[in-house]
1. At a threshold of 8 angstrom on Cα-Cα distance, excluding pairs fewer than six apart, so keeping six or more, what relative contact order does segment 48-91 reach in percent?
2. Place +1 on the Cβ of every Lys and Arg and -1 on the Cβ of every Asp and Glu in segment 87-190, take the dipole about the Cα centre, and give the residue among PHE174, ASN143, GLY125 whose Cα lies farthest towards its positive end.
3. Rank the residues ASP53, ASP11 as a footprinting-exposure proxy: fewest other Cβ atoms within 10 Å of their Cβ go first.
4. About the Cα centre of the chain, what is the dipole size in debye to 20, counting +1 per Lys and Arg Cβ and -1 per Asp and Glu Cβ, all else neutral?
5. List the lysines whose alpha-carbon lies under 18 Å from that of LYS19, not counting same-chain residues fewer than 8 positions away?
6. Using θ = phi - 60° and the Karplus form 6.51 cos²θ - 1.76 cosθ + 1.60, what ³J(HN,Hα) does each residue of segment 130-143 get, whole Hz, x for Gly and Pro?
7. Using Cα atoms only, what is the angle between the long axis of helix 48-62 and the major principal axis of the chain, expressed in degrees (0 to 90) to the nearest 10?
8. Provide the per-residue ³J(HN,Hα) series for segment 13-23, in order, calculated from phi with Karplus coefficients 6.51, -1.76, 1.60 and θ = phi - 60°, each as a whole number of Hz, with x at glycine and proline positions.
Amino acid sequence: MKARLHQLYVDRIRDELGKRLGIKNPMAIPRLEKIVINMGVGQALNDKKLLDDAAEALTLIAGQKSVITKARRSIAGFKLREGVAIGCKVTLRGARMYEFMDRLLTLALPRVRDFRGVSPKAFDGKGNYSLGLTEYLVFPELNPDKFTRSQGMNIVFVTTATNNDHGRELLKMFGMPFRDPKASGRADKN
């Protein structure tokens, strides 16, 4: 059985998106390729347990074992050496990707305090979208008694879209709650 959002894409979003964007070739219609979740744990230099806790939390959130990432180069100002474990990440594809996106949109984002939508401007120019969460405890899989330290994460939605407008349209159709810059009454600084 397919994940709910994958079934929605196959049944409705793909055809409607093709019509909206004027794309006749079904293989050229934008689709979600992967979701990369990344946690940078800067305090891991002093306390390795923080990195282990973050990796365990990320594994619970994603439903897939996380990978420890290491520093690529030394930075003296941060007292960082090349090769030191500094964070963790997970790359989700297929059914796990759609399941995670469903949980993010329906359970986690509504639990964010003072949530008014995500920025519609966090695209990279090629249709990929980056989202930052300041608190990972918005995911119901985590027990707040066990994970007491506040930790943020970056979530990147990698699409096959060729530009930002196509990527934005795809994510909108999946239900991504983009903030309306006109409705907030203030200019969005992103």
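FYI, it's all coordinate maths here, none of it is from the lab. Note that the coordinates shown come from a computational prediction; the quantities given were computed from them, not determined experimentally. Counting neighbours? That spans all protein chains shown, and the Cβs are built from the backbone with ideal geometry, glycine included.
1. It comes to 41 percent, rounded to a whole number.
2. The listed residue farthest towards the positive side: GLY125.
3. Result, fewest neighbours first: ASP11, ASP53.
4. Details: 34 positive and 20 negative charges, 79 e Å.
Charge dipole, the chain, about its Cα centre: 380 debye, nearest 20.
5. LYS172
6. 10, 10, x, 10, 8, 9, 8, 6, 6, 7, x, 5, 8, 8
7. That works out to roughly 20 degrees.
8. 5, 4, 5, 5, 5, x, 5, 4, 8, x, 9
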